[in-house]
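Enquirer: This is the structure I have questions about; it appears just below.
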Amino acid sequence: MADLSINFAGIKAPNPFWLASAPPTNSGYQIMKAFDAGWGGAVWKTMGVPIINVSSRYGGLNYRDTRMSGFNNIELISDRTLADNLKEIEEVKKYFPHHAVIASLMVESRKEWEQIIRDVENAGADGIELNFGCPHGMCERGMGSAVGQEPEVLETIVGWVMAAAKVPVITKLTPNISNIEDPGLAAVKGGTNAISLINTIKSIMGIDLDTFAPYPTVDGKGTNGGYCGPAVKPIAMNMVRQLAQHPDISGTPISGIGGIETWRDVVEYILLGATSVQVCTAAMHYGFGIVREMDKGLRRFMDERGFETIYDFAGKALPNIVEWKELNMSYKVVASINPAKCIGCQLCYIACEDGAHQAISVSSDPANRIPSIIEENCVGCNLCSLVCPVEACITMEKQPAKVAPVTWEQLTETGNIPTTFNDPRAGGNGHYVPEPAAAIKR
Amino acid sequence: MVKSLNSDLMAEYKRPQSEEEFQQNFKQKKPLMNQTEAFVESARCLFCYDAPCVKACPTHIDIPLFIKQIHTGNTIGAAETIYDSNWMGNACGKVCPTQVLCEGACVHNHAHVKPIEIGRLQNFATRQVIDQEKSLFHKGASNGKKVAVIGAGPAGISCACELSVLGYEVTVFEALERPSGLTVYGTAPYKITNEEALSEIDYLQQQLGFKVQYNSAITTREQLQSLENQYDAIFLGVGIGPTASLNVKGEDVKGVTGAVEFIRELRFKKHNMPVPRRVVVLGGGNTAMDAASESARMGAEQVFLAYRRSKEEMGGYSFEYDLALSAGVQGVFNASLREILEQDGYVAGVEFVKTVSQNGRLTEVPDSEFVIECDLVIKATGQAKMVDFLSLIPGLTLDSSRRIKVNTQTYQTENPRYFAGGDAVNGGAEVVNGAYEGKMAAQGIHHSLTSHLSPLTSNHG
């Protein structure tokens, strides 16, 4: 039986499913309800400098009939009094002593940091998360992502916090930066116990076509908000693995955040090196009940593979993520269409024809809608299999290797790479390309 | 003594006593979608390349495009796309046998996924522009030429619309008091309401300005001569005639009617239409299915659909037969009509003889006569062709099935002044076929009257 419990930089929790610091963790009521539903931890909505919020606050990105495949907000940190939050932290810990309650904090001066750390520790918080990520409102006041984008400032503040804190400290990073390793390293240098990422991405969710105002709209105006939800997951996962692979950061526990909704998402983040995950959008969309699907799925995954704890598979994908120059250039796959499954939509044909390498043909017999792969033209790009609406209809078949495995790096070492603009060794040289005029001759 | 098939049966439907109860019994098979349904349904479209639904549509509507337009909130644009190919866009969305046309061709079927409800999406888009009276079309600049259209059915109206856009002055001559032809007069009420069919034609006429003269049957050579003198071309959208005679004993007694006549009366009398307890419908085509379904929905206790050949040989669509069965209709197959029995001048029953169909040949089984007692016989055994009327047009020729012979591209008849489309040409098909042929004929007329100006171009390959 899988044991989901974790010890994340000293913060113990019955499972790795935590609620991120956000609207679902605005109150003791919500957090107790979440713990009751099965969540193992919660990062309290950021406490700190007093703020006032606007109305409206959230925007959704719908794709076709899927609601909120992306989500953004222009809400600020907690607008409740610190006293109320502290009182409720104490109460939650009374009912749920073994669950993780982490206090997210955001203040300005060293004095304020020291004061608020003492307050939340006294209330019983198991850990502290430093909000250096909020990309709207707070950054205009020199906090949030304004700190996360300045590694030196970040390192200094982490240093202040580490000097004051008795409980473990997690530094939460903003993705609104060109290289996530810079703030990651700064946090480690400042002495942080753990890192969490990503915070939200600066975004405009859409424009009202009648009023020309952005969503979410506040009296005809809007501002860049923080983007999250399923759409940001690939960006977040890359940042997580960047830190997990960095030799000076990899020893620091990482809490993965960004678009997590299902057990599959959780497993992926753990495979990339995260040892706790934080969820917000999915809980805002479906409520706390979604955790039961994550829980059951993660357990089955672990049981089927004989993993006893999440540490048994944490980071297992990292060795497989290499630099492009280390990829095997003799490896080749070719698309294969299963005619028994094909429904004849011909999306693969037009995708390859217009968007890739003209390696799929359709029959001149109108009764036969099943396209065929022109194997010699196929570069194995995957596009056809990605657009195919039928499960497992187009598969990418590995071809017998004609030459021994070789990487760009090795080719470079042996001087066997194309070097001039018209070098005949260019990879696409000799590959089939239709005559340009054939496009309009039909 | 011949045995009787009758037994005690409960009607599936209560006899409608009011317009409301009538509408309940004849609930629309393809009800108008709401915004959410249209949004969710349109999201499922795969936007196929060279989409099979488009090919399956006789008018070649760019279906993936209009569905995408609905999904992106461009519903008016969607209606425009539909009308671009088919002037009967709304009627076709409701009455087309989509199961065997666009929806039957939807690739989702191959994965056992429900096909996109194209008909209902088409109805959704077109109904919005009709109800909101969105102006989408303009009468073309006058070219000084006049065309007479005979018949305000789908073919005639489509022809009139297309010609109006091309700048012709069009007058439609309609024998009845309303337009739409069989869209209203010959279609089951659960497929389209009178108001829906009529409002689309009104919507088109408002914008395109063609004239329609009602109660203006063209029946004589003199009338035709007058049209020939006044108009540059004449389009025949005359359809086919009343129900053909069966030439059997008892056919003329009270309580024997034709299916087309029955449906027409029902459409306007609605709950006031007297339909007796026991009904026999003769025939195996879609009109027979409709008449049987309608009788059952009017509260008839026993409705027999009697066809002289086997179930498999029926011309009607299987889903129409299933619909009739679900309304409580019973199928009687391999039953050939012998005689209509009468009592006191009224129909009392139908005597049949059993048949065997082998290799398409039908033979009667000796001593197998049987009777179905009934109070109403509906003949759905085909309509007479308008042979007498058509013989008034010099040079016009008919094929062996008495359909008007036309050029399959221009729909020009063998009398070059006359063009034709719809049932009179195809022998009796769907509204969508009439709509297509009327439109094509308009282009044929335009080509014929301007051929010295430009070569013929068809807007659909």
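Computed from the coordinates by the stated procedures, all read-outs in this text should not be read as laboratory data. Just so it is clear, the structure is predicted and the values come from calculations on it, not from any experiment. Here Cβ is always computed from backbone atoms with ideal geometry, including for glycine, and neighbour counts include all displayed protein chains.
Enquirer: Considering just Cα atoms, how many Å³ per residue does the convex hull of region B:350-390 enclose?
Expert: 121 Å³
Enquirer: Provide the per-residue ³J(HN,Hα) series for region B:306-317, in order, calculated from phi with Karplus coefficients 6.51, -1.76, 1.60 and θ = phi - 60°, each as a whole number of Hz, with x at glycine and proline positions.
Expert: 10, 10, 6, 9, 7, 4, 5, 8, 4, x, x, 6
Enquirer: For a quick check: with amide H placed at 1.01 Å from N, whose amide H comes under 5 Å from B:G285's, ignoring anything fewer than 5 positions away on the same chain?
Expert: B:G315, B:G316
Enquirer: Oh, and also: Return the FRET efficiency for the residue pair A:A437, B:D322: r is the Cβ-Cβ distance, R0 is 45 Å, and the value is rounded to the nearest 0.05. Please list the in-between numbers first.
Expert: Numbers: r = 53 Å, r/R0 = 1.19.
Calculated value: 0.25.
Enquirer: What fraction of the Cα pairs in region A:265-370, stated in percent, has a spacing above 22 angstrom?
Expert: Numbers: 3415 of 5565 pairs.
Of all Cα-Cα distances in region A:265-370, 61 percent exceed 22 Å.
Enquirer: Here is a follow-up. Simple spin-label model, 7 Å along Cα-to-Cβ: B:K249 to A:E413 in nm?
Expert: 10.5 nm
Enquirer: Quick check on the protein assembly as shown: helices-only [θ] at 222 nm, where DSSP H runs of length 4 and up contribute -39,500 (n - 2.57) each and the sum goes over total residues. Nearest 500, please.
Expert: -9500 deg cm²/dmol
Enquirer: Suppose we flag GluC sites (Glu not before Pro) only when DSSP calls them loop and at most 16 other Cβ atoms lie within 10 Å. Which is the longest uninterrupted stretch of chain A? Provide the component values of the computation, followed by the final result.
Expert: Numbers: sites that count: A:E108, A:E308, A:E323, A:E375, A:E376, A:E391.
Value returned for the longest uninterrupted segment is A:109-307.
Enquirer: Then there's this: Counting only Cα, what are the radius of gyration and maximum Cα-Cα distance Dmax of region B:35-131, in Å?
Expert: 11.8, 37
Enquirer: Also, quick follow-up: Tell me which trypsin sites (Lys or Arg not before Pro) from region B:202-273 have a DSSP coil assignment and no more than 16 other beta carbons within 10 Å of their own.
Expert: Passing both the DSSP loop test and the Cβ count: B:K249.
Enquirer: Short version: ³J(HN,Hα) in whole Hz for each residue of region B:356-367, in order, from phi by Karplus 6.51 cos²θ - 1.76 cosθ + 1.60 (θ = phi - 60°), x for Gly and Pro, what are they?
Expert: 10, 9, 10, 6, x, 8, 10, 10, 7, 8, x, 6
Enquirer: Ratio to report: Rg/Rh of region B:221-312, with Cα atoms as the point set and Rh obtained by the Kirkwood method; give two decimals.
Expert: Answer for region B:221-312: 1.13.
Enquirer: Counting Lys +1, Arg +1, Asp -1, Glu -1, what net charge surrounds A:K93 among other residues with beta carbon under 13 Å of its beta carbon? Before the final figure, lay out each step's value.
Expert: Numbers: positive: A:K12, A:K87, A:K94; negative: A:E88, A:E90, A:E91, A:E121, A:D126.
Counting the neighbours of A:K93, the net charge comes to -2.
Enquirer: What's the Cα-based Rg to Rh of chain B, Rh via Kirkwood?
Expert: That ratio is 0.99, to two decimals.
Enquirer: With Cβ to Cβ distances under 12 Å as the rule, what net charge do the other residues near B:C374 carry (K, R +1; D, E -1)?
Expert: Details: positive: B:R277, B:R278; negative: B:E301, B:E342, B:E351, B:E373, B:D375.
Charge balance near B:C374 sits at -3.
Enquirer: Once you sort the root eigenvalues of the Cα gyration tensor of region A:1-107 as a ≥ b ≥ c, which label holds: rounded (a/c under 1.5), prolate (a/b larger than b/c) or oblate (the other case)?
Expert: Oblate, since a/c reaches 1.5 and b/c is not below a/b.
Enquirer: Over chain A, what is the relative contact order in percent, taking alpha-carbon pairs closer than 8 angstrom and at least six residues apart?
Expert: In percent, rounded to a whole number, it is 13.
Enquirer: Before anything else, pin down the relative contact order of chain B: Cα pairs under 8 Å, at least 6 apart, normalised by residue count, whole percent.
Expert: Taking the mean separation of contacting Cα pairs over the length of chain B, I get 18 percent.
Enquirer: Amide H neighbours of A:S203 under 5 Å, at least 5 residues apart or on other chains, H built in the peptide plane: list them.
Expert: Answer set, sorted by chain and number: A:G225, A:Y227.
Enquirer: Using only the C-alpha atoms of region B:190-275, find the volume of their convex hull and express it per residue in Å³.
Expert: Considering the Cα atoms of region B:190-275, their hull volume per residue is 166 Å³.
Enquirer: Quick test of your reading: applying the under-4.7 Å Cβ rule, which cysteines of chain A are isolated?
Expert: Within chain A, the cysteines lacking a partner Cβ under 4.7 Å are A:C134, A:C139, A:C228, A:C280, A:C342, A:C352, A:C378, A:C381, A:C388, A:C393.
Enquirer: Return, for the Cα atoms of region A:187-328, the radius of gyration and Dmax in Å, separated by a comma.
Expert: Every Cα atom of region A:187-328 included, Rg and Dmax give 18.0, 57 Å.
Enquirer: Report the antiparallel proportion of the DSSP beta bridges in the protein assembly as shown as a percent, rounded to a multiple of 5.
Expert: On the way: 44 of 106 bridges.
Close to 40 percent.
Enquirer: Quick one: Kirkwood hydrodynamic radius for region A:6-319, alpha-carbon pairs, angstrom, one decimal?
Expert: For region A:6-319, the Kirkwood estimate is 19.2 Å.
Enquirer: What whole-number value in cubic angstrom gives the convex hull volume per residue for the C-alpha atoms of region A:43-189?
Expert: Details: hull volume 20.2 nm³, N = 147.
Spread over its residues, the Cα hull of region A:43-189 gives 138 Å³ apiece.
Enquirer: Could you pull out which residues in region A:377-398 have an amide N less than 20 Å from a spot 7 Å beyond the Cα of A:L327, following the Cα-Cβ vector?
Expert: A:377-388, A:395-398
Enquirer: Counting residues in the protein assembly as shown as N, plug N into 2.2 N^0.38 Å and put the Cα Rg over that result.
Expert: Computed over Cα atoms of the protein assembly as shown, the ratio equals 1.27.
Enquirer: Another question, if that's okay. If you bin the C-alpha pair distances of region B:306-424 every 5 Å from 0, what whole percents do you get?
Expert: All Cα pairs considered, the percentages come to 2, 9, 14, 13, 13, 12, 12, 11, 9, 5, 1, 0.
Enquirer: On alpha-carbon atoms, Rg over Rh for region A:322-442 using Kirkwood Rh?
Expert: 1.03
Enquirer: Based on alpha-carbon atoms only, what is the radius of gyration of region A:198-254 relative to the globular estimate 2.2 N^0.38 Å?
Expert: 1.63
Enquirer: Next up: Run the numbers on region A:361-413 and let me know its relative contact order in percent, using alpha-carbon pairs under 8 Å that are six or more apart.
Expert: 18 percent
Enquirer: Of A:G127, A:S69, A:T419, which is farthest on the positive side of the dipole of chain A, counting Cα position, with +1 on Lys and Arg Cβ, -1 on Asp and Glu Cβ, and the Cα centre as origin?
Expert: A:S69
Enquirer: Identify, among B:L323, B:T220, B:F137, the residue whose Cα sits farthest towards the positive end of the charge dipole of chain B, taking +1 on the Cβ of Lys and Arg and -1 on the Cβ of Asp and Glu, with the dipole about the Cα centre.
Expert: Positive-end residue among those listed: B:F137.
Enquirer: Sticking with this structure for a sec: If you plug each phi of region B:54-66 into the Karplus form 6.51 cos²θ - 1.76 cosθ + 1.60 with θ = phi - 60°, what whole-Hz ³J(HN,Hα) values come out, in order, with x for Gly and Pro?
Expert: With coefficients 6.51, -1.76 and 1.60, one gets 5, 5, 6, 7, x, 9, 6, 4, 6, 5, x, 5, 5 Hz.
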